[in-house]
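**Student:** Right, I'll just put the structure down here and ask away after.
No value in this document is a laboratory result; all are computed from the given coordinates. Source: prediction; values computed, not measured. Cβ: placed from backbone, ideal geometry, glycine included. Neighbour counts: every protein chain shown.
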Amino acid sequence: MPNPYAVLSAVGSGAGNSALPRSLCQEYPHSGRLVLRHDPARVRACLRAAAHCW
């Protein structure tokens, strides 16, 4: 697993996108450098709904 701080730095600099822990990047959505792509509650609900097929 890559260093999450290095991934955060790269993504914050415009190098792509990634799934990062919310606790790691709390300050960035307010500055406009990062954008929340998916609502975590909605993703969790979709995964739970699909889990019965696994």
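**Student:** Within the stretch 1-23, take every residue that is under 13 Å from residue 37 (Cα atoms) and small (Gly, Ala, Ser) and give me the one that is nearest to the chain's Cα centre (by Cα).
**Tutor:** Filtering first and then ranking leaves 19.
**Student:** Could you tell me which residue of the chain is surrounded by the most Cβ atoms within 10 Å (Cβ to Cβ), considering only residues that are of a type in the set (D, E, K, R) and assigned to a helix (DSSP H, G or I)? Before you say what the answer is, go through the steps one by one.
**Tutor:** Of the chain, the ones of a type in the set (D, E, K, R) are 22, 27, 33, 37, 39, 42, 44, 48.
Cutting the leftovers down to assigned to a helix (DSSP H, G or I) gives us 22, 42, 44, 48.
Values: 22: 9, 42: 9, 44: 11, 48: 9.
Out of the qualifying residues, it is 44.
**Student:** List pairs: first in the stretch 35-49 and within 24 Å of residue 16 (Cβ to Cβ), second in a helix (DSSP H, G or I), Cβ under 8 Å, 6+ apart or cross-chain?
**Tutor:** 35/29; 36/29; 40/22
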